[in-house]
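The structure appears right after this line, and notes come after that.
The values are calculated or read from the model by the stated rules, or taken from the named source; none is laboratory data. Note that the structure is predicted; figures quoted are calculated from it, not measured. Note that we place each Cβ from the backbone using ideal geometry, even for glycine, and neighbour counts take in every protein chain shown.
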Amino acid sequence: MANVAKEAHDVKTKGQELAHEAKDVVSAGVDKAKELASAAGHQAKELGRAAMDRADDAVTSVGSGIRTVGDTIEQGGKYLQDRDLSGMATDLGSLIKRNPVPAVLVGLCVGFLLARAFRS
């Protein structure tokens, strides 16, 4: 009977050792999972920051473009208010005198487009 008790004790001891090893393996797995989750969270945070920076740059660029267009429209509006029709004709004449070749090319393009518009 002493032999059975010793075997039972050995089995119990071996079971405790296996349980302890299993606990260590599970603990190591949990630690690794936490480490991977933390790394993934950090990477996602960095990607989010980069996306926000690019979005901020895009918004700034669009805002600058809108401001430039607004300034151009405002200047055009002031020009139209300050000049009457004869003043605009004088400005156009001097523009054509300063740039005769581009003026002829623009005239040809406008004539071509008008011809196509009236033909169809």
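Structural remarks
- Test result for residue 61, on the phi < 0 side of the Ramachandran plot, among the hydroxyl-bearing types (Ser, Thr, Tyr), exposed (fewer than 10 other Cβ atoms within 10 Å of the Cβ) and in a helix (DSSP H, G or I): no
This table checks each residue for (1) among the aliphatic types (A, V, I, L, M); (2) exposed (fewer than 10 other Cβ atoms within 10 Å of the Cβ); (3) in contact with a Ser or Thr (Cβ under 6 Å, 6 or more places away or on another chain).
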position: 26; (1), (2), (3): yes, no, no
position: 29; (1), (2), (3): no, no, no
position: 43; (1), (2), (3): no, no, no
position: 47; (1), (2), (3): yes, no, no
position: 51; (1), (2), (3): yes, no, no
position: 70; (1), (2), (3): no, no, no
position: 73; (1), (2), (3): yes, no, no
position: 82; (1), (2), (3): no, yes, no
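- Any hit, segment 98-118, residues being surrounded by 10 or more Cβ atoms within 10 Å (Cβ to Cβ), among the polar types (S, T, N, Q) and modelled with pLDDT under 90: no
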